[in-house]
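Read the structure below first, then the notes.
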Amino acid sequence: MSSSFEDLEVWKKSCRLSIKLYNLLKDCRDYGIKDQMLRASVSIPSNIAEGNERNSIPDFQRFLNIAKGSAAELRTQVYISREIDIFSNKEAKELILELKSISKMLQALSNALNKNR
């Protein structure tokens with residue numbers, strides 16, 4: 001396990017994504033989907049941090065899986081948001097690529113933890 005969640009690249013990347021989403025959605029008036037997306041985006045780095053602080057590899061892996069689920073949830077919401085014109089095709093494509101990258105990083109970290117058990 002990392003000595004601190006702040007050292008994890010996936011935590012840093014997911015924080016940046018959450019901030020990016022807050023900025024993209026600041027003028028969005030569809031409060032239902034906006035709230036869902038922001039909650040899911042904040043859930044990703046929050047679960048990484050909480051799992052790391054548990055000092056237990058099985059707990060950390062469980063929280064990484066929760067973070068990965070939040071990334072998939074958010075990806076789904078981005079697809080929907082693109083179709084209802086909250087995001088442009090370009091914005092949606094960038095967000096989806098970032099979320100896929102975060103999901104891969106979460107899986108790789110979980111796999112690495114498994115090898116260290």
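Each reported figure results from applying straightforward, stated rules to the coordinates on display, with no laboratory input. This one's a predicted model, so the numbers in the text were calculated from it and none came from an experiment. FYI the Cβ positions are ideal-geometry reconstructions off the backbone, even for glycines, and counts take in every protein chain you see.
Quick notes on this structure:
- Spatially proximal lysines relative to K34 (Cα-Cα < 16 Å; intrachain offsets below 8 disregarded): K20, K26
- A Förster radius of 41 Å, combined with the Cβ-Cβ distance separating N55 from I19, puts the computed FRET efficiency at roughly 0.90.
- Residue-averaged [θ]222 nm for the chain, counting only DSSP H segments that reach four residues, each worth -39500 (n - 2.57): -28000 deg cm²/dmol
- Calculated FRET value between D35 and S3, using beta carbons and R₀ = 35 Å, to 0.05: 0.55
- Computed over the chain: relative contact order in percent, which uses C-alpha pairs under 8 Å that are six or more apart: 28
- Net charge dipole size for region 54-100 [Lys, Arg +1 and Asp, Glu -1 on Cβ; Debye, nearest 20]: 220
- A straight Cα-to-Cα reach below 18 Å connects K104 with the lysines K12, K13, K68, K93, K115, residues fewer than 8 places away in its own chain not being considered.
- Charge dipole (debye, nearest 20) of the chain; +1 at Cβ of Lys and Arg, -1 at Cβ of Asp and Glu: 280
- With a simple spin-label model that places each label point 7 Å from the Cα along the Cα-to-Cβ direction, the separation between D27 and K104 comes to 3.3 nm.
- Max mean-square fluctuation residue, GNM over the chain, Cα-Cα springs under 10 Å, options I80, I102, I66: I80
- Sites N114 and I80 - FRET efficiency at Förster radius 22 Å, r taken between beta-carbons, to 0.05: 0.10
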